């Protein structure tokens, strides 16, 4: 049994992954800035109050843990100059991990970070994600890094009432993955971990953003309609709103990154995903 500390246990991706880590019998503790909120989701687990921007607090929290599972992101609406979880936060985590004898860093990254520099695309948020991966690799601590395609759960945030809101311009297919399948694969990776690991995480079928939306509408149990906004309008509005600017950049990367299927080794070692987009749509 491994002793795992999860950093980022709530939310669409953190919660199902943490649930899977708990299911196989690990001792799973949770780092939280808001213990009360985290306790609502995980009433039976030890919750350690700390902040990733406080290295002293992290050192106290990390003592006795074998593995850190890290689920962080650049928050929409933030600026490059703000404290960033995947920049200053990662730096503090790695420093504290080295000082407390943590044996492995398990880190959720992304595939679309690779779009940085393609087609002239340059965005500070993707640079942060690339730098974070390099920092983990150069830390001297054994690592398991996961590079997922788009998560199916993303669509939950696009549904408002009976409408599913999209930005036009979808060009590249994505092998969308469910958080449930991802959580199972993370579990398996940590079970067999020996040395450094890197896994591309992809689902069963490729869809463009538009194709996936139509699939969701077709198979959802409730009636949904697709509403679209032109990308040009979103980029224009992004001049006046950092949150909309974030959305414009992330959607540009998602819609244009030339994703190809790269998960043969992942499926062989960690198991094949089971949730189709049709299955996911039926749960909405």
message: Scan region 228-243 and tell me whether some residue there is farther than 29 Å from residue 272 by Cβ and surrounded by 17 or more Cβ atoms within 10 Å (Cβ to Cβ).
response: yes
task: Would you tally the residues in region 118-137 being under 21 Å from the mean Cα position of the chain (by Cα) and without any contact (Cβ under 8 Å) to a residue 40 or more places away in the chain?
output: 5
task: Among the candidates 279, 194, 181, single out the residue that is loosely packed, with under 14 Cβ neighbours inside 10 Å and either more than 30 Å from residue 79 (Cα to Cα) or under 19 Å from the mean Cα position of the chain (by Cα) (or both).
output: 194
Given (1) within 30 Å of residue 256 (Cβ to Cβ); (2) touching a helix residue (DSSP H, G or I) at 6+ places or on another chain (Cβ under 7 Å); (3) surrounded by 14 or more Cβ atoms within 10 Å (Cβ to Cβ), index of the condition residue 80 fails: (3)
message: When the residues of region 205-214 are narrowed to those that are crowded, with 17+ Cβ neighbours inside 10 Å and touching a helix residue (DSSP H, G or I) at 6+ places or on another chain (Cβ under 8 Å), which ends up nearest to residue 265 (Cα to Cα)?
response: 207
- prompt: If you go through region 263-277, how many residues are closer than 18 Å to residue 208 by Cβ and either part of a loop (DSSP other than H, G, I, E, B) or at pLDDT below 95 (or both)?
  reply: 1
task: Name every residue in region 192-214 that is farther than 15 Å from residue 151 by Cβ and part of a helix (DSSP H, G or I), in order of residue number.
output: 192, 210, 211, 214
- prompt: Considering region 155-173 alone, what residues qualify as being in contact (Cβ under 8 Å) with a residue 24 or more places away in the chain and either closer than 20 Å to residue 114 by Cβ or assigned to a strand (DSSP E or B) (or both)?
  reply: 159, 163, 164, 165, 166, 167, 169, 170, 171, 172, 173
query: Which of the residues spanning region 46-58 are buried (at least 17 other Cβ atoms within 10 Å of the Cβ) and either at pLDDT 95 or above or touching a strand residue (DSSP E or B) at 6+ places or on another chain (Cβ under 6 Å) (or both)?
result: 47, 48, 50, 52, 58
query: Restricting attention to region 174-191, and to residues there that are assigned to a helix (DSSP H, G or I) and touching a strand residue (DSSP E or B) at 6+ places or on another chain (Cβ under 9 Å), which single residue is farthest from residue 24 (Cα to Cα)?
result: 179
query: Filtering region 135-154 down to residues that are in contact with a helix residue (DSSP H, G or I) (Cβ under 6 Å, 6 or more places away or on another chain) and in a helix (DSSP H, G or I), which residue is surrounded by the most Cβ atoms within 10 Å (Cβ to Cβ)?
result: 152
- request: Take region 215-227 and flag every residue that is exposed (fewer than 14 other Cβ atoms within 10 Å of the Cβ) and either in contact with a strand residue (DSSP E or B) (Cβ under 7 Å, 6 or more places away or on another chain) or in a loop (DSSP other than H, G, I, E, B) (or both).
  value: 221, 222, 223, 225, 227
- prompt: Do any strands (runs of 3 or more DSSP E) lying entirely in region 1-77 carry at least 2 residues that are out of contact with any helix residue (DSSP H, G or I) (no Cβ under 8 Å at 6 or more places or on another chain), and which ones are they?
  reply: 27-32
- line: Filtering region 70-83 for residues that are within 15 Å of residue 110 (Cβ to Cβ) and out of contact with any strand residue (DSSP E or B) (no Cβ under 8 Å at 6 or more places or on another chain) leaves a count of 4
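The values are calculated or read from the model by the stated rules, or taken from the named source; none is laboratory data. The shown structure was predicted, so the numbers you read here are calculated from the model rather than taken from an experiment. In this analysis, Cβ positions are derived from the backbone assuming ideal geometry, glycine residues included, and neighbour counts consider all displayed protein chains.
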